[in-house]
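Working notes, structure below.
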């Protein structure tokens with residue numbers, strides 16, 4: 001079971017909303033090229049569904065990466081996530097990171113990964129595949145920060 | 001209830017289904033259910049906006065109709081394009097398409113069973129609404145929830161491995177003439193390695209379902225339990241089949257009324273009707289003489305499709321464990337199984353079959369790399385038929401001499417079940433609405449009738465926008481007197 005699970009999610013057809021998706025896509029290629037698949041699992045998703053709970057349940061650490069309209073464009077934030085049941089009737093199509101963790105704990109009571117949510121403020125969420133200029137800069141910054149952090153996490 | 005009492009119930013949105021709908025129940029002067037309807041209120045318009053597109057784009061566009069059964073749409077669409085190309089697709093291409101469709105049966109049925117219906121089946125129809133979700137299932141029976149999540153994930157994993165695009169939902173790999181790429185040995189081994197865990201999960205789940213079924217006597221009796229025709233495709237030896245075969249129709253006694261019908265000639269034996277109160281069509285079966293075939297109790301030509309129908313029409317199930325389960329299933333009733341409650345049971349048997357069948361099909365390591373026949377259009381029309389998880393699905397296209405689409409007609413599994421769903425709602429309303437007070441459990445039972453069919457309303461109605469549904473109770477004058485809504 002990989003020690004670290006990285007989950008980037010969003011809609012790559014909706015401009016900056018695809019930010020997490022693209023960050024994870026690049027990381028998945030890097031992990032594969034460097035043969036680190038035993039330690040790191042990268043999920044590239046459009047949304048968080050119940051199956052993600054199964055994937056995170058065996059990890060020591062989980063990082064969710066998502067775009068947000070709640071932060072100013074280009075701003076990057078990182079917060080710790082704890083399990084929390086969905087406030088509204090949970091659907092099968094979409095959960096938030098806290099809901100994923102709550103479901104993972106129900107499925108496996110011993111599951112207690114440390115979880116972080118990395119969010120990046122988006123500027124444009126319309127129908128387009130390209131990022132806004134602000135988001136594109138943020139993606140590069142997130143890529144560099146994650147690469148650096150991964151080196152630290154994986155070094156003995 | 002009488003003159004001053006409630007006269008119409010509306011349930012909207014209907015929850016835990018794929019798509020958006022509402023239910024209305026109209027009451028008579030005495031306050032008894034007189035009619036019930038499932039309304040699909042929105043239109044998506046795939047048939048129209050595909051006009052003018054190059055035909056070879058359609059498998060990629062059409063699979064976007066649905067995030068649950070995209071493989072079936074891609075398959076039916078690609079088969080319609082095969083007809084336009086007038087090619088025979090390579091054996092390995094056909095085999096890989098079939099494997100993908102089986103994997104989709106696993107993931108789609110698992111979603112229906114474990115995520116959408118298990119809350120009712122495990123916790124009961126009258127359980128506190130807030131608990132009726134996968135979270136409630138996981139809290140009450142973690143093993144059952146784990147098995148459901150695992151099976152859904154495995155089905156999606158197999159699709160991603162077959163297509164090796166990494167995409168679990170819209171892999172874009174089933175193309176006109178076959179599939180885009182052959183299966184790799186690594187993927188074959190990885191898929192085979194998933195088998196033992198998947199088999200253990202579905203066998204545990206089947207044992208659970210059989211244990212709890214006896215609690216649902218009233219629902220078994222009242223959930224669309226009446227005679228209809230049953231229709232689907234069967235393999236060359238009358239076996240359970242989802243991708244390639246002939247269409248067979250049996251009546252409510254189990255008698256075959258039509259067999260070895262060519263899918264490419266389906267317009268000759270199917271008719272479609274529309275009603276002003278729903279965007280979902282009402283397809284029917286008609287015999288060679290044009291008359292609609294009698295089902296032995298319901299209006300002529302009314303069919304049911306999907307897991308219940310498939311297990312009712314086949315002569316055999318060609319994998320050992322599923323064959324044993326199928327024998328038990330068929331022993332539920334004499335002749336064919338009529339209660340739509342048993343769609344759940346049939347669905348689980350199909351998951352078991354799909355897992356076994358994928359394993360059996362992948363035992364051969366030698367894989368042909370020729371997977372796609374290429375040609376220019378050689379016809380101006382093509383019809384593709386596949387079994388989607390919910391039943392028979394037909395894509396019918398016409399193109400001009402430049403290869404641009406000029407006409408599209410989609411006949412969707414849930415549409416075939418439309419009449420039975422509506423009549424099943426009335427049957428359940430008559431059974432469970434017995435007085436002026438309508439409990440949440442009663443409303444949930446009406447929704448559960450719809451859920452038993454696992455309708456894919458996004459596919460069937462071509463709807464866009466809101467998803468879930470409402471139940472309305474209407475008076476004889478059509479006024480809403482009770483409405484339940486869940487957002």
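Could you say which residue among A:148, A:114 is within 14 Å of the chain's Cα centre (by Cα), surrounded by fewer than 16 Cβ atoms within 10 Å (Cβ to Cβ) and over 15 Å from residue A:20 (Cα atoms)?
Just one listed residue meets the conditions, A:114.
Can you tell me which of (1) surrounded by fewer than 16 Cβ atoms within 10 Å (Cβ to Cβ); (2) in contact with a helix residue (DSSP H, G or I) (Cβ under 7 Å, 6 or more places away or on another chain); (3) over 23 Å from residue B:96 (Cα atoms) is the one residue B:207 doesn't meet?
Every condition holds for residue B:207 apart from (2).
If I ask for residues that are within 12 Å of chain B (Cβ to nearest Cβ) and part of a loop (DSSP other than H, G, I, E, B), which ones from the range A:45-85 would you list?
Within the range A:45-85, A:46, A:47, A:49, A:50, A:57, A:83, A:84, A:85 qualify.
Given the conditions (1) farther than 25 Å from residue B:305 by Cα; (2) part of a helix (DSSP H, G or I); (3) within 14 Å of another protein chain (Cβ to nearest Cβ), which single one is not true for residue B:156?
Evaluating residue B:156 over (1) farther than 25 Å from residue B:305 by Cα; (2) part of a helix (DSSP H, G or I); (3) within 14 Å of another protein chain (Cβ to nearest Cβ) leaves (1) as the failure.
Here's the yes/no breakdown for (1) facing chain A (nearest Cβ under 9 Å); (2) under 15 Å from residue B:202 (Cβ atoms); (3) in a helix (DSSP H, G or I):
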position: B:103; (1), (2), (3): no, yes, yes
position: B:111; (1), (2), (3): yes, yes, yes
position: B:126; (1), (2), (3): no, no, no
position: B:135; (1), (2), (3): yes, no, yes
position: B:144; (1), (2), (3): no, yes, yes
position: B:149; (1), (2), (3): yes, yes, yes
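Could you please find all residues in the range A:6-35 being touching a helix residue (DSSP H, G or I) at 6+ places or on another chain (Cβ under 7 Å) and outside any helix (DSSP H, G or I)?
A:6, A:7, A:8, A:9, A:10, A:11, A:12
Tell me which of these residue B:164 doesn't satisfy, since it passes every other one: (1) on the phi < 0 side of the Ramachandran plot; (2) at pLDDT below 95; (3) more than 10 Å from every other protein chain (Cβ to nearest Cβ).
Status for residue B:164: all satisfied but (1).
Right, residue B:406: in contact with a helix residue (DSSP H, G or I) (Cβ under 8 Å, 6 or more places away or on another chain) and not in a loop (DSSP other than H, G, I, E, B) or not?
It is false that residue B:406 is in contact with a helix residue (DSSP H, G or I) (Cβ under 8 Å, 6 or more places away or on another chain) and not in a loop (DSSP other than H, G, I, E, B).
Within the group B:418, B:380, B:409, which residue is at pLDDT below 95, surrounded by fewer than 24 Cβ atoms within 10 Å (Cβ to Cβ) and touching a strand residue (DSSP E or B) at 6+ places or on another chain (Cβ under 8 Å)?
The conditions single out B:409.
When you check residue B:74 against the structure, is it out of contact with any helix residue (DSSP H, G or I) (no Cβ under 8 Å at 6 or more places or on another chain), in a helix (DSSP H, G or I) and more than 13 Å from every other protein chain (Cβ to nearest Cβ), yes or no?
No; evaluated as a whole, the condition is false for this residue.
Consider the range A:113-156. How many of its residues are part of a loop (DSSP other than H, G, I, E, B) and out of contact with any strand residue (DSSP E or B) (no Cβ under 6 Å at 6 or more places or on another chain)?
Adding up the residues that qualify gives 10.
Do the conditions hold for residue B:385, that is, is it in contact with a helix residue (DSSP H, G or I) (Cβ under 8 Å, 6 or more places away or on another chain) and surrounded by fewer than 22 Cβ atoms within 10 Å (Cβ to Cβ)?
no
For the range B:56-67, check the following and say yes or no: at least one residue is surrounded by fewer than 24 Cβ atoms within 10 Å (Cβ to Cβ), more than 17 Å from the chain's Cα centre (by Cα), within 14 Å of another protein chain (Cβ to nearest Cβ) and in contact (Cβ under 8 Å) with a residue 12 or more places away in the chain.
yes
Yes or no, residue by residue, for (1) at pLDDT 95 or above; (2) touching a strand residue (DSSP E or B) at 6+ places or on another chain (Cβ under 8 Å); (3) in a strand (DSSP E or B):
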position	(1), (2), (3)
B:260	yes, yes, yes
B:264	no, yes, no
B:272	no, yes, yes
B:285	no, yes, yes
B:290	no, no, no
B:323	yes, yes, no
B:329	yes, no, no
B:351	yes, no, no
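Could you list all residues from the range B:301-321 that are assigned to a helix (DSSP H, G or I) and surrounded by fewer than 24 Cβ atoms within 10 Å (Cβ to Cβ)?
Residues satisfying the conditions are B:320, B:321.
With respect to residue B:31, determine if the residue is in a loop (DSSP other than H, G, I, E, B), over 23 Å from the mean Cα position of the chain (by Cα), modelled with pLDDT of 70 or more and surrounded by 22 or more Cβ atoms within 10 Å (Cβ to Cβ).
yes
Can you tell me which condition residue B:49 does not meet? The list is (1) touching a residue at least 60 places away in the same chain (Cβ under 8 Å); (2) more than 10 Å from chain A (Cβ to nearest Cβ), and all the others hold.
Among (1) touching a residue at least 60 places away in the same chain (Cβ under 8 Å); (2) more than 10 Å from chain A (Cβ to nearest Cβ), residue B:49 violates only (1).
The values are calculated or read from the model by the stated rules, or taken from the named source; none is laboratory data. A quick note: this is a predicted structure, and the numbers were derived from the prediction, not measured. Don't worry about glycine lacking a Cβ; one is built from the backbone with ideal geometry, like all the others, and counts go over all protein chains shown.
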